[in-house]
Amino acid sequence: MPETITTDRSSGNSTDTGAANVQHMSMQQALNRALDEVLAENPKTVIFGEDCGRLGGVFRITDGLQAKHGEERVFDTPLAESGILGMSVGLAMAGFHPIPEVQFDGFAYPAINQIVCQIARMNYRSRGTLPMPITLRVPSFGGIRAPEHHGESLEALFAHVPGLKVVSPSNPHDAYHLLKYAATRPDPVIFMEPKSRYWQKGPVDVASAAQRPTHDAGVDDGGSLTGARVVREGRHLTLVAWGAMVSRCLQVAELAAEDGIDVEVLDLRWLKPIDADALARSVGKTRRAVVVHEAPLTSGLGAEVAQLITQSCFATLKAPVERVTGFDVPYPSGDLEDEYIPNIDRILFGIQRVLEYRRG
Amino acid sequence: MTTEPVLAAVDDDAAPLTHHQLRELYTLMAAVRHLDSSAVAWQRQGIIPGYAPELGQEAAQVGSGYAVDRTRDFVFPTYREMGVARAMGLDMVGYMSTHKATWHGGMYNPLESRFAPIQAVVAGSVLHAVGWAHGQTLSGAPEMGVAMTYFGDGASSQGDVHEAMNFAAVMKAPVVFFIQNNGWAISVPTERQVAGGSVAARAAGYGIPSLQIDGNDVVAVFEATRSAFAHCRAGNGPVVIEAMTYRRGPHSTADDPGRYRTLEEERLDGGEDPLERFKQRLLAEGVADAAFFAEAQRAAEDEEEAIRAGIADLGPRPGAEMFSLVFQEPTPALQSQATSWREESEHA
């Protein structure tokens, strides 16, 4: 059954957080603020890509940054993704911290040589003398009724490449902190922004990376920016998701609770490296897991997650790890998008399969 | 063939080369010629698994590399720039280690040598040069460094070369695009590779000044490169140099040119040997004598022996480097794989 992605019901709001540093903002605003602060804090940071200067990006993530930080720090490039990413390599070699943008995920393909053969390998090739502190921002995944090539799920492709790290935030708070963290690392990070979540608002504690407790779970991870996060605690099974699917899984958990099913939701956040310990902790407790992602099923990250769970929890698992994913088809256009992206019903069916599994 | 001076700036220091410099250029060319032909022999002897010879391109490589100022410039090579590396004074054991398959990018430090790692995806590093050069503009250093990127007529077919020239021209980046047109992209001749008459001709489409030069004349190559560097340093943006030369040997030690050209064609198309041609000039001008050439040859042989010994002494790299050099901050998964590898390979 098609449904649109709605605002997180469980991520809190400005009235129940209270702290002076907590502000209510959209993910777009959180990302914009993070970039603004990174530019201010590190004079070697440069932001560039198509339309990210005067226009402020087609999603306005770089809005106002050129006016504030100057045309040398935030600039438009010719329309050529290989050029943008290849240029990033040279800038990194010259001591800069480039934060390039490809306008849409599907446009990363023309730059794949620069990403895979150059950015990912230069540190290795040069025996650590030419680090590639590049944060590649990629508006990612579907859910906005976009035409072909404007919605893709490239996480498995990127995560499979040695030399790259991959992260995807699911809410404004993490978007702010993870981007600031990524943009100060010495290794290349592919930063996958869930574009369907750009305009959803939530609380952002700019002073602390620790996520504030959700109203019903009391979850606080202490502020780690390197691993996964339990965004809702539960006893009966774990839903593993990232990006836009986290919010949908939280919705599913609310609905399942009405039937007495207590669902834990684990936001993986880092898709490389994957937080295997967090998977083991959560599924070790719930003993059942369903992985949810928008990318096609075959060779997707769901298989990797399932294997990591099997390795740590095989003896206590009550059912095989289930996957609810996109299908092995090209990302469909808007009208078919809701049939492709895991919806609430398909995720509930996945939960049902796991709960009703009986050993043959 | 003539150099077409169309650059906006000239080097104030562009004095004619001194006799000492001319002799130095010859010494470098002789060293490169001997090391290059020796490397082919090393491959036949099993010392190295493969090599990409540059026989006939010594003038193009030494002449251009000689113009590089290692205190501020940066060179982005492909895999056939041994002569440039030598002219820039690189540690040649470190350089040759790539051809020994010791490490993909060589055992030299690119930040110290100002010579980026060898690049097999031709044209991939042309964009890196533009990025590095734009970094010089952003840094606003008074003594602007220039990026020089090498590629061939074959690589000029890659889309990245278009993107690089376009970016460089739009951003007025201080880049010298140095094309060694050696007539062949493995088996495909230039006329089946390059549309539009020449690679240099394409520069006009980007508004970049270009020089098509005799790549077998080391002095012409040096002077053109020096002018191009001056043009870039003065803030005038990029320059395209197309050095017309000839790859006298195979593409690599695995190649068989007999499948696509005859010895007679090689002899006619190759023209005059750039090393012999320069020798005759130095003799005719009284810059050097027979004793000098004998000494240059002896120095080249000594150097090759030292490099060969250095290569032979290069043991295999410690396996742990496979894991420790992927990231600046290794991932837990990679550390775990390194641990497993160590336990299983050492039967612990």
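The values are calculated or read from the model by the stated rules, or taken from the named source; none is laboratory data. Please read all numbers here as calculations on a predicted model, not as lab measurements. FYI the Cβ positions are ideal-geometry reconstructions off the backbone, even for glycines, and counts take in every protein chain you see. Surface accessibility is based on the protein's heavy atoms, side chains included, excluding ligands, DNA and RNA. Shrake-Rupley method; radii C 1.70, N 1.55, O 1.52, S 1.80 Å.
Computed values, structure above
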{"read-out": "Inter-residue pairs, beta-carbon under 8 Å, first more than 16 Å from residue B:30 (Cβ to Cβ) and modelled with pLDDT of 95 or more and in region B:75-92, second open to solvent by 10 Å² or more (accessible area, probe 1.4 Å) and among the basic types (Lys, Arg), 6+ apart", "value": "B:75/B:114; B:88/B:70; B:88/B:114"}
{"read-out": "Hits in region A:271-293 (condition: open to solvent by 10 Å² or more (accessible area, probe 1.4 Å), in contact with a strand residue (DSSP E or B) (Cβ under 9 Å, 6 or more places away or on another chain) and under 18 Å from residue A:170 (Cα atoms))", "value": "A:272, A:273, A:275"}
{"read-out": "Residues within region B:227-279 that are out of contact with any Phe, Trp or Tyr (no Cβ under 9 Å at 6 or more places or on another chain), more than 26 Å from residue B:188 (Cα to Cα) and open to solvent by 10 Å² or more (accessible area, probe 1.4 Å), tallied", "value": "8"}
{"read-out": "Filtered residue count, region A:115-127, keeping only those that are at the interface with chain B (Cβ under 7 Å from one of its Cβ atoms) and in a helix (DSSP H, G or I)", "value": "5"}
{"read-out": "Only listed residue being within 10 Å of another protein chain (Cβ to nearest Cβ) and either modelled with pLDDT of 95 or more or out of contact with any His (no Cβ under 7 Å at 6 or more places or on another chain) (or both), chosen from A:48, A:104", "value": "A:48"}
{"read-out": "Those residues of region B:199-219 which are open to solvent by 20 Å² or more (accessible area, probe 1.4 Å), more than 19 Å from residue B:173 (Cα to Cα) and touching a strand residue (DSSP E or B) at 6+ places or on another chain (Cβ under 6 Å), in sequence order", "value": "B:212"}
{"read-out": "Single residue of region B:97-124 satisfying the filter (of a type in the set (A, V, I, L, M) and part of a loop (DSSP other than H, G, I, E, B)) that is farthest from residue B:146 (Cα to Cα)", "value": "B:101"}
{"read-out": "Selection count where residues are assigned to a loop (DSSP other than H, G, I, E, B) and within 14 Å of chain B (Cβ to nearest Cβ), scope region A:54-79", "value": "7"}
{"read-out": "Residues of region A:108-120 that turn out to be buried (at least 21 other Cβ atoms within 10 Å of the Cβ), closer than 15 Å to residue A:49 by Cα and out of contact with any Phe, Trp or Tyr (no Cβ under 9 Å at 6 or more places or on another chain), as a count", "value": "2"}
{"read-out": "Complete set of residues in region A:70-83 that are under 19 Å from residue A:60 (Cβ atoms) and either crowded, with 23+ Cβ neighbours inside 10 Å or of a type in the set (Lys, Arg) (or both)", "value": "A:73, A:74, A:77"}
{"read-out": "Selection status of residue B:60, modelled with pLDDT of 95 or more, buried (at least 23 other Cβ atoms within 10 Å of the Cβ), of a type in the set (Gly, Ala, Ser) and out of contact with any Leu (no Cβ under 8 Å at 6 or more places or on another chain)", "value": "yes"}
{"read-out": "Complete set of residues in region A:178-202 that are under 19 Å from residue A:161 (Cα atoms), within 14 Å of chain B (Cβ to nearest Cβ) and not in a helix (DSSP H, G or I)", "value": "A:185, A:186, A:187, A:188, A:189, A:190"}
{"read-out": "Scan of region B:101-112 for residues that are more than 7 Å from every other protein chain (Cβ to nearest Cβ) and of a type in the set (A, V, I, L, M), ordered by number", "value": "B:101, B:107"}
{"read-out": "Residue that is nearest to the other protein chains (Cβ to nearest Cβ) [pool: residues in region B:288-329 that are farther than 28 Å from residue A:130 by Cα and in a loop (DSSP other than H, G, I, E, B)]", "value": "B:288"}
{"read-out": "Among (1) modelled with pLDDT under 95; (2) in contact with a helix residue (DSSP H, G or I) (Cβ under 9 Å, 6 or more places away or on another chain), the one test that residue A:217 misses", "value": "(2)"}
{"read-out": "Filtered residue count, region B:113-136, keeping only those that are more than 8 Å from every other protein chain (Cβ to nearest Cβ) and either open to solvent by 30 Å² or more (accessible area, probe 1.4 Å) or aliphatic (A, V, I, L, M) (or both)", "value": "5"}
{"read-out": "Residue A:98 vs. criteria assigned to a strand (DSSP E or B) and either in contact (Cβ under 8 Å) with a residue 24 or more places away in the chain or within 10 Å of chain B (Cβ to nearest Cβ) (or both)", "value": "yes"}
{"read-out": "Number of the condition not met by residue B:130 [criteria: (1) over 16 Å from residue A:92 (Cα atoms); (2) part of a helix (DSSP H, G or I)]", "value": "(1)"}
{"read-out": "Region B:93-112 - residue that is open to solvent by less than 20 Å² (accessible area, probe 1.4 Å) and either without any contact (Cβ under 8 Å) to a residue 40 or more places away in the chain or among the aromatic types (Phe, Trp, Tyr) (or both) and, of those, nearest to residue B:76 (Cα to Cα)", "value": "B:110"}
{"read-out": "Residues located in region A:249-270, provided they are over 25 Å from residue A:182 (Cα atoms), among the charged types (D, E, K, R) and open to solvent by less than 10 Å² (accessible area, probe 1.4 Å)", "value": "A:264"}
{"read-out": "Checklist (1) hydrophobic (A, V, I, L, M, F, W, C); (2) at pLDDT below 95; (3) open to solvent by 50 Å² or more (accessible area, probe 1.4 Å) applied to residue A:225, failing item", "value": "(3)"}
{"read-out": "One residue from A:91, A:31, A:130 being farther than 24 Å from residue B:111 by Cα and either away from chain B (no Cβ under 14 Å) or surrounded by 20 or more Cβ atoms within 10 Å (Cβ to Cβ) (or both)", "value": "A:31"}
{"read-out": "Residue satisfying condition, being without any contact (Cβ under 8 Å) to a residue 40 or more places away in the chain and either loosely packed, with under 14 Cβ neighbours inside 10 Å or farther than 30 Å from residue A:270 by Cβ (or both), within set B:301, B:295", "value": "B:295"}
{"read-out": "Hits in region B:137-182 - residues which are closer than 17 Å to residue B:198 by Cβ, within 13 Å of chain A (Cβ to nearest Cβ) and surrounded by fewer than 21 Cβ atoms within 10 Å (Cβ to Cβ)", "value": "B:158, B:162"}
{"read-out": "In region A:322-360, the residues that are within 18 Å of residue A:303 (Cα to Cα), touching a Gly at 6+ places or on another chain (Cβ under 8 Å) and open to solvent by 20 Å² or more (accessible area, probe 1.4 Å)", "value": "A:322, A:323"}
{"read-out": "Condition check for residue A:165: of a type in the set (D, E, K, R), buried (at least 22 other Cβ atoms within 10 Å of the Cβ), within 18 Å of the chain's Cα centre (by Cα) and within 17 Å of residue B:328 (Cβ to Cβ)", "value": "yes"}
